[in-house]
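Enquirer: Attaching a single structure in structure tokens format; questions to follow.
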Amino acid sequence: MRIYMGFDDTDDKNATMGTGRLVREFVYGLDNDCHVIGVVRHQLPRLDNIPYTSNNSSACAIIEISPDSNLDYLREQATAHLHKHSAPGSDPGLCIARESKVNNEILEFSKTVTGLRQTQKDAMHAARSIELYGLGGTNDGIIGATAAVGLTKYGWCGRFIEYGRLRELGRELHVQDLHEAGIDVISTDRDPLVPLPGDEIRNAIWIRPSLWGGRPVLQVKRVDYGIWEPAHGKRKKGLPSATLRGSCGADFDALSRH
């Protein structure tokens, strides 16, 4: 059984650990009965009427558990982790959902969050069929936590910050290395060629595959025939909000199985 766990608003301006890192640390501590598929970071808009710290991002952990398991263990572990590691000035939110419970209303709410301000009331209404918890401060984190779950199920937003052997891959790779790690490779060029298994991927210092069509997909651009490099590098903090909007594509009903 696949479970989505959304986290948001766990840090403040002085925090040493952002939400993405907090969620990664959370999944590292789960017992062996929980198979972690990955962690997806989602960008939310940096609008003047929305409070945020540095980048306004939320994150979703994708976890497989036994069909006869309940959610008590995950709920208890996540709540304890947030109470222990959330910054004193934060407003953490936690959303937990079985994949089958993430309905179209949650998806539509989540897509709206990427471009327009939504309220706690909107989040609670959309998430009424799943679990949603405000765990401190103003509880505003429930908005982004719900959005993280919905956008992950949507399958066309965000990037993987944890996935299989992602963080063990070297700087100089071949396309086949990524295929073996379960990551697709797609050219973003205007007239794209197909990256072949033996092609090189250079400057692979920072690989964070996009969530496209429910799959981890590394976007690359051609350097020369048979040579590629990641199309996107690590972004500096503080980009203008206009560059952070409109990040979602066409509808996708469910995450593909990995």
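Enquirer: Please give the contour-minus-distance gain from T138 to R165: 0.36 nm per residue of separation, less the Cα-Cα distance, rounded to one decimal in nm. Provide the component values of the computation, followed by the final result.
Expert: Numbers: separation 27, 0.36 × 27 = 9.72 nm, distance 3.68 nm.
Going from the current span to full extension adds 6.0 nm.
Enquirer: Using only Cα atoms, tell me the angle between helix 141-154 and the longest principal axis of the chain; keep it within 0 to 90° and round to the nearest 10.
Expert: Its long axis makes an angle of about 40 degrees.
Enquirer: Treat every Asp and Glu Cβ in the range 64-160 as -1 and every Lys and Arg Cβ as +1, leave all other atoms uncharged, and give the resulting dipole magnitude about the Cα centre to the nearest 20 debye. Let's see the in-between values first.
Expert: Working: 10 positive and 11 negative charges, 51 e Å.
For the range 64-160, the charge dipole is close to 240 debye.
Enquirer: Return one number: the angle in degrees, 0 to 90 and rounded to the nearest 10, between the long axis of the Cα atoms of helix 104-113 and the longest principal axis of the Cα atoms of the chain.
Expert: 80
Enquirer: Percent relative contact order of the range 1-160, based on C-alpha pairs within less than 8 angstrom and at least six residues apart?
Expert: Numbers: 343 pairs, mean separation 56.1, N = 160.
Computed value for the range 1-160: 35 percent relative contact order.
Enquirer: If you average 1/r over all unlike Cα pairs in the range 65-119 and invert the result, what Kirkwood radius do you get in angstrom? All intermediate terms of the calculation are to be shown ahead of the outcome.
Expert: Values: mean 1/r = 0.0725 Å⁻¹.
About 13.8 Å for the range 65-119.
Enquirer: Which value, in debye to the nearest 20, gives the size of the charge dipole of the chain about its Cα centre, when Lys and Arg are +1 and Asp and Glu are -1 at the Cβ? Let's see the in-between values first.
Expert: Working: 31 positive and 33 negative charges, 145 e Å.
Computed about the Cα centre, the dipole is about 700 debye.
Enquirer: First select every other residue whose beta carbon is under 11 angstrom from the beta carbon of Q219; then total the charges, Lys and Arg +1, Asp and Glu -1.
Expert: Values: positive: R159, R208, K221; negative: D184, D189, E229.
Spelling it out: positives minus negatives among the neighbours equals 0.
Enquirer: I've got another one for you. Which chymotrypsin sites (Phe, Trp or Tyr not before Pro) does the range 153-227 hold that lie in a coil by DSSP with at most 16 other beta carbons within 10 Å? Walk me through the intermediate numbers first.
Expert: Working: sites: Y154, W156, F160, Y163, W206, W212, Y225; in loops: W156, W206, Y225.
Here the sparse-neighbourhood loop sites are W206, Y225.
Enquirer: Counting pairs of alpha carbon atoms under 8 Å apart in space and at least six apart in sequence, what relative contact order in percent does the range 89-142 give? Intermediate values should be presented prior to the final figure.
Expert: On the way: 65 pairs, mean separation 34.6, N = 54.
Worked out over the range 89-142, it gives 64 percent.
Enquirer: Of G29, T119, G164, which is farthest on the positive side of the dipole of the chain, counting Cα position, with +1 on Lys and Arg Cβ, -1 on Asp and Glu Cβ, and the Cα centre as origin?
Expert: Checked the options; the winner is T119.
Enquirer: Of the candidates V23, V185, V40, which one comes out as most mobile in a Gaussian network treatment of the chain with C-alpha springs shorter than 10 Å?
Expert: Highest fluctuation of the listed residues: V185.
Enquirer: Nearest 10 degrees is fine. How inclined is helix 19-28 to the longest principal axis of the chain, computing both from alpha carbons?
Expert: Here the helix axis deviates by roughly 90 degrees.
Enquirer: Could you estimate the translational diffusion coefficient of the chain from the Stokes-Einstein equation, with Rh from the Kirkwood formula over C-alpha pairs, at 20 °C and 1.002 mPa s, in whole µm²/s? It would help to have the intermediate numbers written out before the result.
Expert: Working: Rh = 18.6 Å.
The calculation lands on 115 µm²/s.
Enquirer: Among the lysines, select those whose C-alpha is under 16 Å from the C-alpha of K234, and discard any that sit fewer than 8 residues away in the same chain.
Expert: K221
Enquirer: Could you give the longest part of the chain that holds none of the trypsin sites (Lys or Arg not before Pro) found in DSSP loops with at most 16 neighbouring Cβ atoms within 10 Å?
Expert: On the way: sites that count: K13, R117, R128, R165, R171, R190, R202, K234, R235, K236, K237, R245, R257.
For trypsin sites (Lys or Arg not before Pro) (loop position, at most 16 other Cβ atoms within 10 Å), the longest site-free span of the chain is 14-116.
Enquirer: How large is the helix-only mean residue ellipticity at 222 nm for the chain, computed as the sum of -39500 (n - 2.57) over DSSP H runs with n ≥ 4, divided by its residue count, in deg cm²/dmol to the nearest 500? Working shown, then result.
Expert: Details: 6 runs with 61 residues, N = 258.
Theoretical 222 nm ellipticity from helices: -7000 deg cm²/dmol.
Enquirer: Going toward the positive end of the dipole of the chain, with +1 on Lys and Arg Cβ and -1 on Asp and Glu Cβ, which of G233, F7, A59 do you reach last?
Expert: G233
Readers should treat all values here as calculations from the given coordinates under stated rules, not as data from a laboratory. Keep in mind that this is a model prediction, so the values were computed, not measured. Positions of Cβ are backbone-derived with ideal geometry, glycine not excepted, and every protein chain shown enters the neighbour counts.
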